[in-house]
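Novice: Just passing along the structure, written as structure tokens.
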Amino acid sequence: MRKFNVNVNGKSYAVEVEEVGGGVSVAPVAKAVAPAPVAAAPAPAASVGSGKPVKSPMPGLVKKLCFANGATVKNGDTVVILEAMKMDTPVVAPCDGVVNYSASEGNNVDTGAVLCTIA
């Protein structure tokens with residue numbers, strides 16, 4: 001039996017794997033063990049401010065902030081590019097207004113994290 005720590009979507013799991021001979025597989029190969037607590041480095045909590053929050057639709061990496069803080073955006077403009085599973089996903093402004101980012105490029109964010117507000 002060999003033990004490994006596996007990270008899946010930012011969560012760490014301790015896994016035991018049994019090596020089986022070349023011919024026939026017997027029993028389950030991997031057995032999940034209760035997750036070991038791991039202190040993940042969350043994105044820094046920034047002041048969200050007033051306005052309509054723009055939330056992350058999925059966990060991922062903030063690859064690009066498309067405007068400068070304080071820039072005027074229109075409904076449908078791409079305000080953030082998220083990267084998840086080697087794919088870029090645009091996050092668009094839900095309304096017209098001034099963008100105030102609460103995330104930074106390079107941050108890892110969870111689903112529902114506020115990326116910016118538009119007021």
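Novice: Want the number for residue 2 to residue 69: 0.36 nm per residue separation, take away the alpha-carbon distance, what's left?
Specialist: Extending this stretch completely gives an extra 19.2 nm.
Novice: Tell me the label-point distance for the pair residue 9, residue 95, using the 7 Å Cα-to-Cβ offset, in nm and rounded to one decimal.
Specialist: Between residue 9 and residue 95, the simple spin-label model gives 3.0 nm.
Novice: Whole number in Å², please: accessible area per residue of the stretch 73-112, 1.4 Å probe, ligands, DNA and RNA not counted.
Specialist: Roughly 56 Å² per residue, with all protein chains present.
The values are calculated or read from the model by the stated rules, or taken from the named source; none is laboratory data. Predicted model only: the values in this text are computed from it and were never measured. Cβ atoms come from the backbone with ideal geometry, glycine included; neighbour counts cover every protein chain shown. For accessibility, only protein heavy atoms count, side chains too; no ligands or nucleic acids. Shrake-Rupley method; radii C 1.70, N 1.55, O 1.52, S 1.80 Å.
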